[in-house]
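Asker: I'd like to ask some things about the structure below.
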Amino acid sequence: MIFVESLDVADVDGDNFPEIVVSGWLWDGFYTYAYVMVGNNSAITQLQREAIYQWYIGSDARLTSVAVEDTDADGLAEIVVGGGYYDYYNGM
Ligand SMILES: [Ca+2]
Ligand SMILES: [Ca+2]
């Protein structure tokens, strides 16, 4: 199962055309992974995936937000993600 939690539209690669950046989490039946996918919007009926990054985050964590911005003013966009973790042992 793949869950989309957040998206942003911004020019990630500096070609003056916006990309769609999607983040969320997926579960393969055994493990939970966070992902960030960058795609273009040249097709109306489907998102053309240009890049995807995925990593193991454990069963109690979720990636819930993404934003694209040039945070260090070098002219290149950064992709910033955020999420949460629930500690079932300590209840927070
Ligand atoms: Ca672009
Ligand atoms: Ca930058």
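The values are calculated or read from the model by the stated rules, or taken from the named source; none is laboratory data. Because the structure is predicted, anything quoted here is derived from the model rather than measured. All Cβ positions, glycine included, derive from the backbone under ideal geometry; neighbour counts span all protein chains shown.
Asker: Could you tell me which residue of the stretch 49-74 is surrounded by the fewest Cβ atoms within 10 Å (Cβ to Cβ), considering only residues that are of a type outside the set (Gly, Ala, Ser) and under 8 Å from THR32 (Cα atoms)?
Answerer: Step by step, filter the stretch 49-74, then rank; the result is TYR56.
Asker: Right, next: Please find, among GLY91, GLY83, GLY58, GLY29, the residue that is in contact with a Lys or Arg (Cβ under 8 Å, 6 or more places away or on another chain) and more than 16 Å from ligand 1 (Cβ to nearest atom).
Answerer: GLY83
Asker: Under the condition of being modelled with pLDDT of 85 or more, acidic (Asp, Glu) and assigned to a strand (DSSP E or B), which residue from the stretch 47-92 is farthest from ligand 2 (Cβ to nearest atom)?
Answerer: GLU69
Asker: Go through the stretch 4-13 and give me each residue that's loosely packed, with under 14 Cβ neighbours inside 10 Å and either in contact with a helix residue (DSSP H, G or I) (Cβ under 7 Å, 6 or more places away or on another chain) or more than 13 Å from VAL38 (Cβ to Cβ) (or both).
Answerer: VAL4
Asker: Something else about it: Which residue pairs have Cβ atoms closer than 6 Å, lie 6 or more positions apart in sequence or on different chains, and pair a first residue in the stretch 4-32 that is over 14 Å from ILE52 (Cα atoms) and part of a loop (DSSP other than H, G, I, E, B) with a second residue that is within 16 Å of ligand 2 (Cβ to nearest atom) and of a type in the set (D, E, K, R)?
Answerer: PRO18/ASP11
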